[in-house]
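> Please read through the structure below; I'll follow up with questions.
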Amino acid sequence: MTDKSNHANPNKNRTPRHRAREFALQGVYQWLLNHEEVAVIDAHIRQAHGFDKADSGHFHALLHNTISQQTALRAVLSPLIDRPLDQLSPVEHAALLIGAYELKNHIEIPYRVVINEAVELTKSFGGVDGHKYVNGVLDKLAATIRDTEINAGK
């Protein structure tokens, strides 16, 4: 998995939270493929170039809690997707899990920010149109678990 965004736009302003999400995506991706212990993945990623510019606390919460809550997160995502989760690309799967985790557990982050971040991650690391799929699924999920926030904005 390579980060295409750096090559396309090296001056892109990436916040510490965005960097945390990038590293968490890589960790969840690694977990999906290899089922390694989260502590091993965490330790490995913290050694990566640029990790010092990431929000370490948010990375920890995203990586550890997304993986520990993956059963519940998959349960809320499954009715919203058109195929079994194991048929999604690992990047889309990881972005959806992280996005679902943030929508459910970080209500202080506006739902539009959560969706946009997941879309940007998928654009950076995923296939050509994967970001459209992630956007659609998380938009449906937000409508069910963030309905009060969405309706307040109307």
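> Nearest 0.05, what FRET efficiency do ALA143 and THR71 give at R0 = 22 Å with Cβ-Cβ as r? Before the final figure, lay out each step's value.
Numbers: r = 22 Å, r/R0 = 1.01.
My answer for the efficiency is 0.50.
> Once you put a point 7 Å from the Cα of HIS106 and another 7 Å from the Cα of ALA43, both along the Cβ direction, what distance in nm separates them?
The answer from the label model is 2.6 nm.
> Looking only at GLY57, GLY136, GLY126, which one moves most when the chain is put into a Gaussian network model with springs between Cα atoms under 10 Å?
The residue with the greatest mean-square fluctuation here is GLY57.
> Could you give the size of the charge dipole of segment 1-151 about its Cα centre, using +1 on the Cβ of each K and R and -1 on the Cβ of each D and E, expressed in debye and rounded to the nearest 20?
The calculation lands at about 300 debye.
> Also, I was wondering about something else. Expected output is a single nm value to one decimal: the length gained when fully extending between ILE150 and LYS132, i.e. 0.36 nm times separation in residues minus the C-alpha distance. What is it?
Value of the extension gain: 4.5 nm.
> With springs only between Cα atoms under 10 Å apart, run a GNM on the chain and tell me which of PRO79, PRO90, PRO16 wobbles the most.
Among PRO79, PRO90, PRO16, the largest GNM mean-square fluctuation belongs to PRO79.
> Then there is this: Check ILE81: other-chain or 5+ apart residues with amide H under 5 Å from its amide H, H built from backbone geometry?
Distant-sequence amide H within range of ILE81: zero hits.
> Right, next: Can you show me the helix-derived [θ] at 222 nm for the chain, built from DSSP H runs with n ≥ 4 at -39,500 (n - 2.57) apiece and divided by the number of residues, rounded to the nearest 500. The partial results should precede the final answer.
On the way: 9 runs with 107 residues, N = 154.
Rounded to the nearest 500, the figure is -21500 deg cm²/dmol.
> For segment 94-105, in order, what is each residue's ³J(HN,Hα) by Karplus, 6.51 cos²θ - 1.76 cosθ + 1.60 with θ = phi - 60°, in whole Hz (x at glycine and Pro)?
Once θ is set to phi - 60°, the couplings for segment 94-105 become 5, 5, 5, 4, 5, x, 5, 4, 5, 4, 6, 10 Hz.
> For segment 28-35, take each phi angle, set θ = phi - 60°, evaluate the Karplus expression 6.51 cos²θ - 1.76 cosθ + 1.60, and give the result in whole Hz per residue in order, putting x for glycine and proline.
Coupling constants for segment 28-35: 5, 4, 4, 5, 4, 7, 10, 6 Hz.
> Taking 8 Å as the Cα distance limit and 6 or more residues as the minimum spacing, I'd like the relative contact order of segment 4-146 as a percentage.
25 percent
> If each residue of separation counts as 0.36 nm, what is the full-extension length gain between ASN116 and ASP52 once their alpha-carbon separation is subtracted?
That works out to 20.7 nm of additional length.
> So how far, in whole Å, is the C-alpha centre of segment 19-37 from the one of segment 124-139?
Result: 17 Å between the Cα centres.
> Hull surface divided by four, with the convex hull built on the Cα atoms of the chain: how many nm²?
The Cα convex hull of the chain, projected and averaged over all directions, gives 9.0 nm².
> So which residue, out of ASN65, ASN135, ASN105, gets the largest mean-square fluctuation from a GNM of the chain using Cα contacts under 10 Å as springs?
In this elastic network of the chain, the residue with the biggest mean-square fluctuation among ASN65, ASN135, ASN105 is ASN105.
Any read-out appearing in this document is the output of simple, stated calculations on the displayed coordinates, not a laboratory observation. All values derive from a computational prediction rather than experimental measurement. Don't worry about glycine lacking a Cβ; one is built from the backbone with ideal geometry, like all the others, and counts go over all protein chains shown.
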